[in-house]
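Working notes for the structure below.
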Amino acid sequence: MYDYIIVGAGSAGCVLANRLSEDPATRVLLLEAGPSDWNPFVHMPAGLARLVGNKGVNWDYNTAPEPGLLGRRLWWPRGRVLGGSSSINAMCYIRGNKADYDEWDELGASGWYWDNVLPYFKRSEGNSRGASRLHGGDGPLGVSDPRYQNPLSTVFVEAAHQAGWALTDDFNGAWQDGFGWYQTTTRGGSRSSAAEAYLKPIRSRRNLKVLTGAVASCVTFDDAGRANGVSFSRHGKAFNEVAAREVLLCGGALNSPQLLMLSGIGPADELARHGIAVRADLPGVGANLQDHLDICTMQRCTQAVTYDKTNDLSIALQYYLLKQGPGTSNIAETGGFVRSDMAEDARPDIQFHFVPAQLDDHGRNQLPGYGYTLHACYLRPRSRGRLRLASANPADKVQIEAGYLSDSEGHDRRMMLECVKLSRRIFAQNAFAPFRGEELFPGVEVQDAADIDAFVRRKAESIYHPVGTCRMGADDDAGAVLDPQLRVRGVSGLRVVDASVMPRLVGGNTNAPTMMIAERAADLIRGVTAKNQPR
């Protein structure tokens with residue numbers, strides 16, 4: 001018997017496994033459906049390009065046909081490996097805007113306001129710049145400045161400044177606005193995934209057991225309705241392990257709601273459709289799905305300075321012998337946050353990621369020659385989607401109805417047009433003149449609003465930030481799956497700790513916020529002081 005069973009060894013699960021097993025008297029079992037993170041491309045930052053489409057470390061999801069995007073099925077890569085998506089992502093260390101967390105608190109997620117979550121960001125962070133009022137210097141998660149800088153990344157930052165925006169050296173500083181270099185979740189030139197940062201240093205703890213290749217099928221309950229274990233399969237055999245204290249779901253915005261529904265917790269009509277007995281009728285399970293929709297503007301480059309064609313042997317030697325060179329790059333080296341003319345408050349509403357390479361269809365479509373790409377995403381989408389079970393079989397992937405561009409007022413569509421407009425504005429600056437070739441996307445013939453809208457519908461993709469499908473909220477919120485301490489309503493002994501708990505999508509990348517959620521959850525679970533009152 002274990003005290004805690006954690007399902008999912010991703011960005012949140014690794015954090016919980018570390019913190020809960022700090023007490024040698026507490027027994028922890030960590031279950032991960034994927035393999036160990038042995039693949040060398042997981043650890044070399046630039047290796048992320050080689051992980052695209054690698055089903056050995058990827059759940060390889062696709063959405064249902066999206067009505068707002070011409071019926072296209074969008075590819076959603078999610079990490080299926082120790083470290084989860086933190087082992088395959090682009091490593092940008094972004095917390096979001098501090099007002100995002102104050103908004104959570106106002107929406108009923110009592111205690112999750114900025115001043116209350118900042119200590120957990122700092123506790124997680126081991127920033128190479130050292131500790132400060134806003135940053136941690138000795139936390140498990142490595143955060144560092146780039147070791148290698150592609151010359152075009154410097155050009156991009158200069159062009160953004162020429163376009164009229166401010167520069168910043170810290171997107172997680174006193175304010176978020178501006179353009180500059182991303183700090184990344186790396187340490188010593190290598191990826192600092194959740195597994196590398198939180199799990200690897202403590203694998204020898206006798207009170208922690210980690211099982212890879214373990215696919216959960218359902219949470220089990222005792223006669224009193226308390227979660228008391230997890231059923232799972234491993235190497236073709238069925239197992240059931242018992243949890244004396246709590247079961248903690250850390251499968252992410254897709255897998256955690258799926259496991260809840262398979263366990264009888266979710267919308268009663270959805271469960272009945274698949275012959276699953278209802279344990280708790282919670283209509284919010286799988287609802288409130290939010291994601292950042294991303295649109296790429298791309299131009300040819302007249303000089304061979306991009307990452308499109310590289311000497312892989314030279315890069316590998318520099319990386320493995322010296323931890324230097326392009327192998328240490330996260331590829332998306334620079335970016336920025338801006339308030340568009342349509343911004344509704346003081347927060348930036350568009351984020352940019354610049355890639356000195358031609359990146360079409362997530363990098364799966366290789367284009368000839370050289371080029372550079374600017375990702376732009378609207379940070380506060382009004383559109384909402386939902387998840388549905390494909391069947392009662394845990395092996396069948398959950399159905400994703402992302403609902404992109406579905407808001408009734410068309411606001412998200414107008415914001416995506418703004419993303420294209422501002423991307424073109426940056427690329428038109430003098431800094432790019434020595435490198436500027438033809439515009440590949442949208443293409444010079446695409447100019448009026450109708451044509452740009454058609455381009456967005458034809459080419460927009462996810463930038464991999466799904467959240468919200470088990471959101472936390474106040475007791476009188478019928479759509480809230482969890483209370484502010486992340487406990488599942490209607491049962492006991494069960495919590496969800498991952499990106500699915502977010503009431504609203506943060507203004508930025510979601511990996512660091514997910515680790516923060518797990519850091520704070522560990523204190524809530526242990527009963528350590530973790531303020532949970534409104535401001």
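The values are calculated or read from the model by the stated rules, or taken from the named source; none is laboratory data. Computed from a prediction, not measured in an experiment: that's the story for all the values here. Positions of Cβ are generated from backbone atoms using ideal geometry, with glycine treated the same way; all protein chains shown enter the neighbour counts.
Among the residues examined, GLU196 qualifies as under 21 Å from GLY79 (Cα atoms), of a type in the set (Asp, Glu) and buried (at least 19 other Cβ atoms within 10 Å of the Cβ). Take GLU438 and decide whether it is in a loop (DSSP other than H, G, I, E, B), assigned by TED's automatic domain parsing to the domain that holds LEU359 and in contact (Cβ under 8 Å) with a residue 24 or more places away in the chain. No: the conditions fail for GLU438.
Among the residues of segment 441-457, those identified as of a type outside the set (Val, Ile, Thr) and assigned to a loop (DSSP other than H, G, I, E, B) are PRO442, GLY443, GLU445, GLN447, ASP448. Within the set ALA280, ALA332, the sole residue that is modelled with pLDDT of 95 or more and outside the structural domain of ARG80 (by TED's automatic domain parsing) turns out to be ALA332. On the basis of being in a strand (DSSP E or B) and under 22 Å from GLU461 (Cβ atoms), does ILE426 make the cut? Taking the combined requirement at face value, the residue does not satisfy it. Would you check which residues across segment 203-222 are under 18 Å from LEU249 (Cα atoms) and either surrounded by fewer than 19 Cβ atoms within 10 Å (Cβ to Cβ) or hydroxyl-bearing (Ser, Thr, Tyr) (or both) and list them? Within segment 203-222, LYS209, LEU211, THR212, GLY213, VAL215, SER217, THR220, ASP222 qualify.
Taking TRP38, is it closer than 23 Å to ARG187 by Cβ and aromatic (Phe, Trp, Tyr)? In short, yes. Does ALA474 satisfy the criteria of being in the same structural domain as GLU418 (by TED's automatic domain parsing) and surrounded by fewer than 21 Cβ atoms within 10 Å (Cβ to Cβ)? For ALA474, the condition - in the same structural domain as GLU418 (by TED's automatic domain parsing) and surrounded by fewer than 21 Cβ atoms within 10 Å (Cβ to Cβ) - is not met.
In the set ALA64, ALA12, ALA46, only one residue is of a type in the set (A, V, I, L, M) and surrounded by fewer than 20 Cβ atoms within 10 Å (Cβ to Cβ); that residue is ALA64. Only a single criterion out of (1) within 24 Å of LEU379 (Cα to Cα); (2) of a type outside the set (Lys, Arg); (3) touching a helix residue (DSSP H, G or I) at 6+ places or on another chain (Cβ under 6 Å) is not satisfied by ILE463, namely (3). The sole residue among THR212, THR220 that is in contact with a Gly (Cβ under 6 Å, 6 or more places away or on another chain) and more than 30 Å from GLY164 (Cα to Cα) is THR220.
For (1) in a loop (DSSP other than H, G, I, E, B); (2) touching a strand residue (DSSP E or B) at 6+ places or on another chain (Cβ under 8 Å); (3) more than 20 Å from GLY266 (Cα to Cα), each residue gets a yes or a no:
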| site | (1), (2), (3) |
| --- | --- |
| ALA195 | no, no, yes |
| TYR198 | no, yes, yes |
| PRO201 | no, no, yes |
| ARG205 | yes, no, yes |
| LYS209 | no, yes, yes |
| ALA216 | no, yes, no |
| VAL219 | no, yes, no |
| ASP223 | yes, no, no |
| GLY229 | no, yes, no |
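Say we look at segment 5-58 and pick out the residues that are in contact with a Lys or Arg (Cβ under 6 Å, 6 or more places away or on another chain) and not in a loop (DSSP other than H, G, I, E, B); which of these is nearest to VAL230 (Cα to Cα)? Among those that are in contact with a Lys or Arg (Cβ under 6 Å, 6 or more places away or on another chain) and not in a loop (DSSP other than H, G, I, E, B), it is LEU29. Exactly one residue out of ARG388, ARG384, ARG380 is crowded, with 23+ Cβ neighbours inside 10 Å and among the basic types (Lys, Arg): that is ARG380.
For segment 403-416, the candidate set comprises residues that are of a type in the set (Gly, Ala, Ser) and in contact with a helix residue (DSSP H, G or I) (Cβ under 9 Å, 6 or more places away or on another chain); within that set, the residue that is surrounded by the fewest Cβ atoms within 10 Å (Cβ to Cβ) is SER406.
Among the residues of segment 477-535, just one is at pLDDT below 95 and in contact with a Lys or Arg (Cβ under 7 Å, 6 or more places away or on another chain), namely ALA530. The condition (being more than 30 Å from LEU422 (Cβ to Cβ) and in contact with a strand residue (DSSP E or B) (Cβ under 7 Å, 6 or more places away or on another chain)) is satisfied by just one residue among ILE350, ILE265: ILE265. Counting just the residues of segment 365-395 that are aliphatic (A, V, I, L, M) and assigned to a loop (DSSP other than H, G, I, E, B), which one comes out nearest to LEU282 (Cα to Cα)? Filtering segment 365-395 for residues that are aliphatic (A, V, I, L, M) and assigned to a loop (DSSP other than H, G, I, E, B), the one nearest to LEU282 (Cα to Cα) comes out as LEU389.
Would you call VAL496 in contact with a Cys (Cβ under 6 Å, 6 or more places away or on another chain), touching a residue at least 60 places away in the same chain (Cβ under 8 Å) and either surrounded by 24 or more Cβ atoms within 10 Å (Cβ to Cβ) or polar (S, T, N, Q) (or both)? Answer is yes for this residue. Here the condition is being hydroxyl-bearing (Ser, Thr, Tyr), touching a Leu at 6+ places or on another chain (Cβ under 9 Å) and closer than 24 Å to ILE400 by Cβ; of SER36, SER21, SER87, it holds for SER87 alone.
Condition first: modelled with pLDDT of 95 or more, under 24 Å from ARG123 (Cβ atoms) and not assigned by TED's automatic domain parsing to the domain that holds PHE354. Can you find one or more residues in segment 62-82 that meet it? Yes, segment 62-82 contains a residue that is modelled with pLDDT of 95 or more, under 24 Å from ARG123 (Cβ atoms) and not assigned by TED's automatic domain parsing to the domain that holds PHE354.
Scanning segment 121-168 for residues that are assigned to a helix (DSSP H, G or I) and of a type in the set (Gly, Ala, Ser) yields SER124, SER153, ALA159, ALA160. Candidates are the residues of segment 499-512 that are in a helix (DSSP H, G or I) and of a type in the set (Gly, Ala, Ser); the one that is surrounded by the most Cβ atoms within 10 Å (Cβ to Cβ) is SER500. Residue pairs whose Cβ atoms lie under 7 Å apart, sitting 6 or more positions apart in sequence or on different chains, and linking a residue in segment 83-105 that is in contact (Cβ under 8 Å) with a residue 12 or more places away in the chain to a partner that is charged (D, E, K, R) and crowded, with 24+ Cβ neighbours inside 10 Å, are GLY83/ASP37; GLY83/GLU196; SER87/ASP37; MET91/ARG191.
From the list LEU29, LEU48, LEU69, the one residue that fits, being in contact (Cβ under 8 Å) with a residue 24 or more places away in the chain, of a type outside the set (Ser, Thr, Tyr) and under 27 Å from ARG187 (Cα atoms), is LEU48.
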